[in-house]
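Student: Let me begin by handing over the structure; questions about it come next.
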Amino acid sequence: MAYILDGTEIRAPHELSEKNDSQYAQNRTLDGQVNRDYFGDNKRVWRLQYKTTNATDYAVIRAIYNSYLSNAIAKSWSVTEPNYTISATTVHIDLIERGFNVKGEDYLSNFDLILTEA
Amino acid sequence: MVQSVSSAFTAEERDTVRSIAHSLQVSWKKDTNIGNRTFTIGVSLIGGNDGIGINPGAIGGASIYNYFDESEYVMSLAWEHGLKMPAGGLTKAMAEAEIDNTSGRFTPRYMGGNSELFTSVLPSRPFMISAGFEFEGIDQTVPEFAGVGTRQPRTDARSKRLLFQGADYVDFFQNRYLDQEIMFTAQFTGQVIETLFQSLGMSTSQYEVDQGINIIPFGLFEKGTRFDGIIDDLAQAEYGHVFQDETGKFKFWDRQHWDTAPYNSVQRLLLTGQVINAEAPDTDHLINVVEVNAPIRQKQPAQTIFNLPPLSSFNVPSNSFTEQFFEFQDPVLALTDPTSSGTVSYFVANSLADGTGTDVTASITVKNVGTFAKSVKYRFQNNSASTAYITQLVLSGRVAKQVGDLYYREKDDSSVTAYQEHPYKIDNPYIQNASWAASLSRMLLNDFSDIENLQKLTIRAIPELQNGDLISWQGRYWRVYNIRSKLDPDVGFVQDIMVLQRTITTYFRIGMSTIGGSDKIAP
């Protein structure tokens, strides 16, 4: 019952979405038929949305992202929730923007963590 | 003929949804799997690593190299094979690959690279492309291209991509020059091409050569001539084709290659469900007037081909020798060496340069050191104790002289009436008689005098399709002359094919055809 990135449990996101990224070209032949050529496997992309997250939880994710950038090695990602599981998958990490809507002592922030299957 | 594939493969190729498979193999290190040396008697060990078959400096067989599998980095591939239109000749195939370099695997050392390939991202690397489909759980591909990189692979730090371009081994012909003269008489085109291939160091397993129909009465390739020009002219005179196939094998097809099975039967029926576009070409291909020009050389009977000019005597020191070259105007097929007692080839030596002294011919012996196409080198040995002068030298032999020029013109009147004159000129030294020029001209007019004969089709790729294959499209038969394949996620796996309309003709065969039957005399 956890979200595990690079062997570390990260905070559960407030929202989670998963989309498929297939690479294909579509051609229409003279008989009107629409055909597709697929290249490579389907890849999944997860978008984990965090809201009002405290600095400590952000720092855990940020450290993994920094490690991904500095080592240039895709990280392991798995989810073991009761009704949503992802077996260990190697992913690229994007952590692009961090916004603060509650400052004060805690600096609670909003950010999106995007994981793309390698 | 189409490459051999399973029925499941052809079913997948016509499927509405196809999973494309590909393979890119690059020999970055350019190391071979036969050892680095060619077997040398007295040096190499039997059972050792030195190889037999590929000679030093030979134009390579693709299979001798060790390759890195770079398939997982491929972003797009493209390759093109063609036959030379309209009159045949030598053609080379070309290919390019766009490779992902996010990992820095293909970054050269001088750009900061540190991968196992950082010193090997260089031009002239052999590479092979295969393509097909993924079905039944595995990638099933057929060979599509084998060649060598032609330029430095291009990469830049920002795009993180590597562009790799190359041509097949035919490209080598453009940079190879004959290092010795080759002269021949009365040989079929295939015999001459095989001689040229062997002079390039190729082994017989590297090529397949038709015999040819054209007999060339006399041919001379002078030292320093480029191979591609010779081979192109030979194939054009034959109305044949020289090329390298998808697996790296060199082939020469003569003009009758397609007249027998399997080339005279349809290899693939093209359905509208496979064709993305059909395009009419412009009038560039139209030919309704053919002009053939050729210098005619003929073997001459034995005659005097060299006579030392008056006052051109040369001396031979006492008890010594001198070597002299003698040049001829025409290529020499046979030469009679001079002797002191010769009647057609002889020499005279005197004690004085003007020929007025004592005759010392008996003191001189002559040795032929080397005969070349248009020259000979003799060694004159003086066995006396005083200087001798060669005052007369007459050489006799058989030469091949240019006796005139062949000019032949043929036109298709109905095509000229319909489309105005579209002339095509052939200058070729290997067309040696008017009947052969007439035959070649008529075949060209038959193929290219009609605007309807050519078509360009864009199709969902048929990876096993090869040039020369006969296909059926909209109830007509077409011969494939050019295939440009592209494997790219933006456009799919598609091919642009150039096809020439054909009428299947069965030619007369002794013992099989009947006189008065429908079989025709082969051109």
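Student: Would it be correct to say that B:GLY104 is surrounded by fewer than 16 Cβ atoms within 10 Å (Cβ to Cβ), within 14 Å of chain A (Cβ to nearest Cβ) and out of contact with any strand residue (DSSP E or B) (no Cβ under 8 Å at 6 or more places or on another chain)? First the steps, then the outcome.
Tutor: Working: surrounded by fewer than 16 Cβ atoms within 10 Å (Cβ to Cβ): no; within 14 Å of chain A (Cβ to nearest Cβ): yes; out of contact with any strand residue (DSSP E or B) (no Cβ under 8 Å at 6 or more places or on another chain): yes.
No; evaluated as a whole, the condition is false for this residue.
Student: Within the range B:396-413, is even one residue under 26 Å from B:ALA237 (Cα atoms) and outside any strand (DSSP E or B)?
Tutor: yes
Student: From the list B:THR260, B:THR272, B:THR283, which one is surrounded by fewer than 16 Cβ atoms within 10 Å (Cβ to Cβ), of a type in the set (Ser, Thr, Tyr) and within 30 Å of B:THR16 (Cα to Cα)?
Tutor: Values: B:THR260 fails: within 30 Å of B:THR16 (Cα to Cα); B:THR283 fails: within 30 Å of B:THR16 (Cα to Cα).
None of the others qualify; the one that does is B:THR272.
Student: Is at least one residue of the range B:422-445 over 30 Å from the mean Cα position of the chain (by Cα) and more than 28 Å from B:PHE188 (Cα to Cα)?
Tutor: Within the range B:422-445 (the criterion being over 30 Å from the mean Cα position of the chain (by Cα) and more than 28 Å from B:PHE188 (Cα to Cα)), the answer is no, since none of the residues qualifies.
Student: Sort out which residues of the range B:263-282 are within 8 Å of another protein chain (Cβ to nearest Cβ) and either of a type outside the set (A, V, I, L, M) or within 31 Å of the chain's Cα centre (by Cα) (or both), and write them in order of number.
Tutor: Answer for the range B:263-282, where residues must be within 8 Å of another protein chain (Cβ to nearest Cβ) and either of a type outside the set (A, V, I, L, M) or within 31 Å of the chain's Cα centre (by Cα) (or both): B:THR272, B:GLY273, B:GLN274, B:ASN277.
Student: Mind counting the residues in the range B:346-380 that are in a strand (DSSP E or B), within 45 Å of the chain's Cα centre (by Cα) and in contact (Cβ under 8 Å) with a residue 40 or more places away in the chain?
Tutor: Selection size over the range B:346-380: 9.
Student: Can you find even one residue in the range B:450-464 that is among the basic types (Lys, Arg) and either within 14 Å of another protein chain (Cβ to nearest Cβ) or under 24 Å from B:SER76 (Cα atoms) (or both)?
Tutor: Checked against the condition, which is being among the basic types (Lys, Arg) and either within 14 Å of another protein chain (Cβ to nearest Cβ) or under 24 Å from B:SER76 (Cα atoms) (or both), the range B:450-464 yields at least one hit.
Student: Somewhere in the range A:77-87, is a residue within 18 Å of the chain's Cα centre (by Cα) and within 30 Å of B:PHE133 (Cα to Cα)?
Tutor: Scanning the range A:77-87, I find at least one residue that is within 18 Å of the chain's Cα centre (by Cα) and within 30 Å of B:PHE133 (Cα to Cα), so the answer is yes.
Student: Could you list all residues from the range A:34-69 that are in contact (Cβ under 8 Å) with a residue 12 or more places away in the chain and of a type in the set (S, T, N, Q)?
Tutor: Within the range A:34-69, A:ASN42, A:GLN49, A:THR52, A:THR53, A:ASN54, A:SER67 meet the criteria.
Student: Moving on to the next point. Answer yes or no as to whether B:ASP405 is touching a strand residue (DSSP E or B) at 6+ places or on another chain (Cβ under 9 Å), under 30 Å from B:HIS285 (Cα atoms) and acidic (Asp, Glu).
Tutor: yes
Student: Looking at B:ILE193, B:ILE213 in this structure, which one is in contact (Cβ under 8 Å) with a residue 24 or more places away in the chain, of a type outside the set (Gly, Ala, Ser) and in a helix (DSSP H, G or I)?
Tutor: Within the list B:ILE193, B:ILE213, the selection yields B:ILE193.
Student: So, one more: Can you name every residue in the range B:1-33 that is acidic (Asp, Glu) and over 28 Å from the mean Cα position of the chain (by Cα)?
Tutor: B:GLU12, B:GLU13, B:ASP15
This table checks each residue for (1) crowded, with 22+ Cβ neighbours inside 10 Å; (2) assigned by TED's automatic domain parsing to the domain that holds B:GLU70; (3) touching a Lys or Arg at 6+ places or on another chain (Cβ under 6 Å); (4) part of a helix (DSSP H, G or I).
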{"site": "B:SER159", "(1), (2), (3), (4)": "no, yes, no, no"}
{"site": "B:GLY166", "(1), (2), (3), (4)": "yes, yes, no, no"}
{"site": "B:ASP171", "(1), (2), (3), (4)": "no, yes, yes, yes"}
{"site": "B:ALA186", "(1), (2), (3), (4)": "no, yes, no, no"}
{"site": "B:MET202", "(1), (2), (3), (4)": "no, yes, no, no"}
{"site": "B:LEU220", "(1), (2), (3), (4)": "no, yes, no, no"}
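Student: Of the residues B:LEU269, B:LEU311, only one is within 30 Å of B:SER449 (Cα to Cα) and either touching a residue at least 12 places away in the same chain (Cβ under 8 Å) or of a type in the set (A, V, I, L, M) (or both); which?
Tutor: Unique residue meeting the criteria: B:LEU269.
Student: From B:PRO317, B:PRO331, B:PRO301, B:PRO310, which residue is crowded, with 18+ Cβ neighbours inside 10 Å and assigned by TED's automatic domain parsing to the domain that holds B:GLY397? Break it down into steps so the answer makes sense when it comes.
Tutor: Numbers: B:PRO317 fails: crowded, with 18+ Cβ neighbours inside 10 Å; B:PRO301 fails: crowded, with 18+ Cβ neighbours inside 10 Å; B:PRO310 fails: crowded, with 18+ Cβ neighbours inside 10 Å.
Among B:PRO317, B:PRO331, B:PRO301, B:PRO310, only B:PRO331 is crowded, with 18+ Cβ neighbours inside 10 Å and assigned by TED's automatic domain parsing to the domain that holds B:GLY397.
Student: It is to be established whether one or more residues within the range B:382-390 are hydroxyl-bearing (Ser, Thr, Tyr) and either at positive phi or assigned to a helix (DSSP H, G or I) (or both).
Tutor: no
Student: Give me the pairs, please: first residue somewhere in the range B:430-442 and over 12 Å from B:TYR239 (Cβ atoms), second residue anywhere and crowded, with 21+ Cβ neighbours inside 10 Å, beta-carbon distance under 7 Å, and either six or more positions apart or on two chains.
Tutor: Going by the 7 Å Cβ cut-off, the qualifying pairs are B:GLN432/B:ILE216; B:GLN432/B:ALA294.
Student: Is it the case that B:PRO281 is outside any helix (DSSP H, G or I) and either acidic (Asp, Glu) or in contact with a Leu (Cβ under 7 Å, 6 or more places away or on another chain) (or both)?
Tutor: Details: outside any helix (DSSP H, G or I): yes; either acidic (Asp, Glu) or in contact with a Leu (Cβ under 7 Å, 6 or more places away or on another chain) (or both): yes.
Answer is yes for this residue.
Student: What are the residues in the range A:18-33 that are within 11 Å of chain B (Cβ to nearest Cβ) and either within 20 Å of B:TRP473 (Cα to Cα) or of a type in the set (Lys, Arg) (or both), if any?
Tutor: Passing the criteria: A:ASN27, A:ARG28, A:THR29, A:LEU30, A:ASP31, A:GLY32, A:GLN33.
The values are calculated or read from the model by the stated rules, or taken from the named source; none is laboratory data. These figures come from a predicted structure and were not determined experimentally. Virtual Cβ from ideal backbone geometry, glycine too; neighbours counted across all protein chains shown.
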